[in-house]
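Colleague: Pasting a structure below so you can have a look.
The values are calculated or read from the model by the stated rules, or taken from the named source; none is laboratory data. Since the model is a prediction, treat every value here as computed from it, not as a measurement. All Cβ positions, even for glycine, are placed from backbone atoms using ideal geometry, and neighbour counts span all protein chains on display. Please note that ligands, DNA and RNA were not included when accessible areas were found on the heavy atoms of the full protein model with its side chains. Shrake-Rupley method; radii C 1.70, N 1.55, O 1.52, S 1.80 Å.
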Amino acid sequence: MRPPNSRVTVTLKLATSLDGRIATASGESQWITGEAARLEGHRLRAAHDAILVGIETVLADDPELTARLPGRPVDQPLRVVLDSRLRTPMTAKLAVDNTLILTVAVPAPIGSARVEQVEAEDGRPSVAAVLAAIAHAGCRSVLIEGGGQVAASFLRAGAVDRLEWFRAPILLGGEGRPCVAGLELAKLADAPKFRRLGVESVGDDLWERYERL
């Protein structure tokens, strides 16, 4: 079930190898998918009110999380970072205006970003509290872009409404980093279930779209 008091539509975007890996064992991830798939990813960003990542993505990639579309200006979505222990560097590209950092620690300044303390669950921001904070910021849709722990936490909470999955025609093997961390499933019947909406080619990659059953 969706966490209570949430009015935010949640889309999980995944860009992976064929075997569901988002990076090599060393952490190299740019770029798994091709240019055409990345352009579609920017269109997805532009279609959502907020984009969300975890702190490990910030530390590994230092992303901007902006929607960049050729030939037209875009109203930029709110950037949301889940940062339990406030490890976002002052020099990070996300330590700026239009970024909301959600933590379970005592809030402290990080650049010009807005830092808010939320309720914890297992030492991390709870999914329900995160969605409530995003809704309070005036957002009605959020695109989750990483990483595997964040994806798993929202899937475990039953909070993911849609999947946008880009698969590159490469294999990274079992030592690669998975797109979804452990879901703690005891039975197949407990697995999150989705209905496929469509499949199409984007350049050399495959784009699969799903909605939650």
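Colleague: Condition (residue is touching a His at 6+ places or on another chain (Cβ under 8 Å) and touching a residue at least 24 places away in the same chain (Cβ under 8 Å)) applied to segment 8-31: is it met by at least one residue?
Modeller: yes
Colleague: Could you grab the pairs with beta carbons closer than 7 Å, sequence gap of 6+ or different chains, first residue in segment 174-198 and over 30 Å from residue 60 (Cα atoms), second one open to solvent by less than 60 Å² (accessible area, probe 1.4 Å)?
Modeller: 195/210; 195/211; 196/208; 196/210; 197/210; 197/211
Colleague: Just a yes or no: is a residue in segment 139-151 under 17 Å from the mean Cα position of the chain (by Cα), farther than 28 Å from residue 123 by Cβ and either open to solvent by 40 Å² or more (accessible area, probe 1.4 Å) or not hydroxyl-bearing (Ser, Thr, Tyr) (or both)?
Modeller: The answer is yes, given that some residue of segment 139-151 is under 17 Å from the mean Cα position of the chain (by Cα), farther than 28 Å from residue 123 by Cβ and either open to solvent by 40 Å² or more (accessible area, probe 1.4 Å) or not hydroxyl-bearing (Ser, Thr, Tyr) (or both).
Colleague: Consider residue 54 carefully, then state whether it is in contact with a Gly (Cβ under 7 Å, 6 or more places away or on another chain) and on the phi < 0 side of the Ramachandran plot.
Modeller: The answer is yes for residue 54.
Colleague: Counting only residues that are open to solvent by less than 30 Å² (accessible area, probe 1.4 Å) and modelled with pLDDT under 90, how many does segment 3-19 have?
Modeller: 2
To keep it simple, each residue is scored yes or no on (1) open to solvent by 10 Å² or more (accessible area, probe 1.4 Å); (2) in a helix (DSSP H, G or I); (3) out of contact with any helix residue (DSSP H, G or I) (no Cβ under 6 Å at 6 or more places or on another chain); (4) in contact (Cβ under 8 Å) with a residue 12 or more places away in the chain.
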site	(1), (2), (3), (4)
43	yes, yes, yes, yes
48	yes, no, yes, yes
53	no, no, yes, yes
56	yes, yes, yes, yes
59	yes, yes, yes, yes
68	yes, no, no, yes
71	yes, no, yes, no
74	yes, no, no, yes
85	yes, no, yes, yes
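Colleague: Still on this structure: Given the conditions (1) more than 27 Å from residue 208 (Cα to Cα); (2) modelled with pLDDT under 95; (3) open to solvent by less than 30 Å² (accessible area, probe 1.4 Å), report the number of the one that residue 118 does not fulfil.
Modeller: Single failed check for residue 118: (2).
Colleague: Here is a follow-up. Looking only at segment 191-213, filter to residues that are of a type in the set (A, V, I, L, M) and in a strand (DSSP E or B); which one of those is least open to solvent (accessible area, probe 1.4 Å)?
Modeller: Per the criteria, the residue is 202.
Colleague: Consider segment 155-164. How many of its residues are in contact (Cβ under 8 Å) with a residue 40 or more places away in the chain and open to solvent by 40 Å² or more (accessible area, probe 1.4 Å)?
Modeller: Counting residues in segment 155-164 that are in contact (Cβ under 8 Å) with a residue 40 or more places away in the chain and open to solvent by 40 Å² or more (accessible area, probe 1.4 Å) gives 1.
Colleague: While we're here: Among (1) open to solvent by 40 Å² or more (accessible area, probe 1.4 Å); (2) hydrophobic (A, V, I, L, M, F, W, C); (3) touching a Lys or Arg at 6+ places or on another chain (Cβ under 6 Å), where does residue 23 come up short?
Modeller: The single condition residue 23 does not satisfy is (1).
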